[in-house]
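Read the structure below first, then the notes.
The values are calculated or read from the model by the stated rules, or taken from the named source; none is laboratory data. Quick caveat: nothing in here was measured; it's all calculated off a predicted structure. Cβ placement follows ideal geometry from the backbone for every residue including glycine, while neighbour counts extend to all protein chains displayed.
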Amino acid sequence: MIMPGPLKIGSLAVGSRVWMAPMAGVTNLPFRLVARSCGCGMAFTEMVSANGLIRATRKTLRYLDSSAEDRPLGVQIFGSDPQVMARAALIVTEAGADLVDINLGCPVKKVVKTGSGAALMKDPARVAAILGEVRKATPLPLTVKIRAGWNSQSINAVEIAGIAEACGVDGITVHPRTAIQGYGGSADWALIARVREAVTVPVVGNGDIRRPSDALKMMHRTGCDAVMIGRGCLGNPWIFERIVARDEQGRCPDPPDPEEKMRIIVRHLDLEISTMGEQAGIRSFRKHALWYTKGARGGAQIRNVAGRLTEKPELLELLRSFYALERESQP
């Protein structure tokens, strides 16, 4: 077995070593609850603006919405001012989070142009200043999520990881692509291994995990302490329990049958609606409807229609027709 027992991140014991990545516009409370019901051991909010938190904007504070079933919960914050980040970490702590995570990896232009996210990979001194202030501000377990570096000429993940450990960070997640790569090309898993060798705190590997076998290969090749799934769980939240089963039983169970998939999807839609209201919930869910039907026979036609629907009965009927077709196509 590659994943032995709970993983300690500071004072927090996480029961499963299969985690879900923070994803903007995706990892809201409804999707986190769906992922947890499918075996996800640790989940994170969407990345939250530190400036928005200290200004107490309604939209930003909603990112902190949680529930008793949504545990353990990491809140990921981003920003470039050490004092602002420290104040935001205190707000997150008082809101009841289990862990604070600092985003050093987002490559999106509107984030990096403020000096936040992956732009910080170019400024080790500022990284140290931010982490030093945040560490003083919160007693919660503190983690960072980093990239390989800014570009192929400045691969400095090992350096940043060392700075993070020296500042008292309790864990490091490595997405071994550069900021310039974005989500293109391949993740360099060898870099995860180099970070693992360089620090003593737990290291979580992230990048290019699309199948259960990928997760176990990553842990075997890199020695990382846990794996974090991002795009690989979109339309595929059952990947978490399949990874755990593959590790524990030595074989990977089949994905859920169409009836079980539909049960999960209906619950997901209901959670979106109960959390946000019907219209906003349906708008939020529609992107998931596209992912749930991606790559399967008849999926393209379903997706062309699903993105325009505004009523729950119509959306459910469309998805049921898709999964009925999938069921009929099975041998």
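Which condition breaks for VAL174 when tested against (1) aliphatic (A, V, I, L, M); (2) within 16 Å of LEU142 (Cα to Cα); (3) in contact with an Asp or Glu (Cβ under 8 Å, 6 or more places away or on another chain)?
Unmet condition: (3).
Within region 114-151, which residues are under 25 Å from VAL14 (Cβ atoms) and not in a helix (DSSP H, G or I)?
THR138, PRO139, LEU140, PRO141, LEU142, THR143, VAL144, LYS145, ILE146, ARG147, ALA148 - these are the residues of region 114-151 that are under 25 Å from VAL14 (Cβ atoms) and not in a helix (DSSP H, G or I).
Testing ALA118 on (1) modelled with pLDDT under 95; (2) touching a helix residue (DSSP H, G or I) at 6+ places or on another chain (Cβ under 8 Å); (3) of a type outside the set (Lys, Arg), one condition comes back false. Which one is that?
Answer for ALA118: the failing condition is (1).
State all residues of region 49-94 that are among the aliphatic types (A, V, I, L, M) and touching a Lys or Arg at 6+ places or on another chain (Cβ under 6 Å); if no residue qualifies, say none. Before the answer, list the steps.
Here is the first cut: in region 49-94, the residues among the aliphatic types (A, V, I, L, M) are 50, 53-54, 56, 61, 64, 68, 73, 75, 77, 84-86, 88-92.
The answer is ILE54, and nothing else.
Is at least one residue of region 78-85 assigned by TED's automatic domain parsing to the domain that holds GLU159, under 14 Å from the mean Cα position of the chain (by Cα) and of a type outside the set (A, V, I, L, M)?
No, region 78-85 contains no residue that is assigned by TED's automatic domain parsing to the domain that holds GLU159, under 14 Å from the mean Cα position of the chain (by Cα) and of a type outside the set (A, V, I, L, M).
Assess whether PRO30 counts as being in contact (Cβ under 8 Å) with a residue 60 or more places away in the chain and in contact with a Ser or Thr (Cβ under 6 Å, 6 or more places away or on another chain).
So PRO30 passes the test.
Can you tell me which residue within region 86-101, out of those that are free of Cβ contacts under 8 Å to residues at least 60 places away in the same chain and within 16 Å of the chain's Cα centre (by Cα), is nearest to LYS136 (Cα to Cα)?
This residue is VAL100.
Would you check if ARG210 is assigned by TED's automatic domain parsing to the domain that holds GLU197 and either farther than 21 Å from PRO22 by Cα or assigned to a strand (DSSP E or B) (or both)?
For ARG210, the condition - assigned by TED's automatic domain parsing to the domain that holds GLU197 and either farther than 21 Å from PRO22 by Cα or assigned to a strand (DSSP E or B) (or both) - is not met.
Which pairs have Cβ atoms under 8 Å, sit 6 or more apart or on different chains, and link a residue in region 306-331 that is farther than 16 Å from GLU278 by Cα to one that is modelled with pLDDT under 75 and among the charged types (D, E, K, R)?
Between residues of region 306-331 that are farther than 16 Å from GLU278 by Cα and residues that are modelled with pLDDT under 75 and among the charged types (D, E, K, R), the close pairs are LEU325/ARG297; GLU326/ARG297; SER329/ARG297.
Quick one: GLY168 ticks every box in (1) more than 19 Å from PRO107 (Cβ to Cβ); (2) out of contact with any helix residue (DSSP H, G or I) (no Cβ under 6 Å at 6 or more places or on another chain) except a single one, so which number is it?
(2)
Just wondering, is there one or more residues in region 56-72 that are in contact with a helix residue (DSSP H, G or I) (Cβ under 6 Å, 6 or more places away or on another chain), buried (at least 20 other Cβ atoms within 10 Å of the Cβ) and within 27 Å of ALA215 (Cα to Cα)?
No: region 56-72 contains no residue that is in contact with a helix residue (DSSP H, G or I) (Cβ under 6 Å, 6 or more places away or on another chain), buried (at least 20 other Cβ atoms within 10 Å of the Cβ) and within 27 Å of ALA215 (Cα to Cα).
Keeping to region 292-324, report how many residues are under 19 Å from PRO255 (Cβ atoms), in contact with a Lys or Arg (Cβ under 7 Å, 6 or more places away or on another chain) and at pLDDT below 80.
Of the residues in that region, 1 qualify.
If I ask for residues that are buried (at least 19 other Cβ atoms within 10 Å of the Cβ) and not in a loop (DSSP other than H, G, I, E, B), which ones from region 88-113 would you list?
Matches in region 88-113: ALA88, ALA89, ILE91, VAL92, LEU99, VAL100, ASP101, ILE102, ASN103, LEU104, VAL111, VAL112.
So which of ALA68, ALA56, ALA13 ends up being within 17 Å of LEU271 (Cβ to Cβ) and among the aliphatic types (A, V, I, L, M)?
Working: ALA56 fails: within 17 Å of LEU271 (Cβ to Cβ); ALA13 fails: within 17 Å of LEU271 (Cβ to Cβ).
The unique qualifying residue is ALA68.
Looking at region 123-135, I want the residues that are free of Cβ contacts under 8 Å to residues at least 60 places away in the same chain and have a partner that is hydroxyl-bearing (Ser, Thr, Tyr) with Cβ atoms under 7 Å, at least 6 apart or on another chain. Which pairs are those?
Final answer for the pair search is ARG126/SER80.
If LEU53 meets every condition in (1) touching a Pro at 6+ places or on another chain (Cβ under 6 Å); (2) crowded, with 21+ Cβ neighbours inside 10 Å apart from one, which number is that one?
(1)
Can you list the strands (runs of 3 or more DSSP E) found entirely within region 3-47 that contain at least 2 residues being surrounded by 24 or more Cβ atoms within 10 Å (Cβ to Cβ) and at negative phi?
18-20
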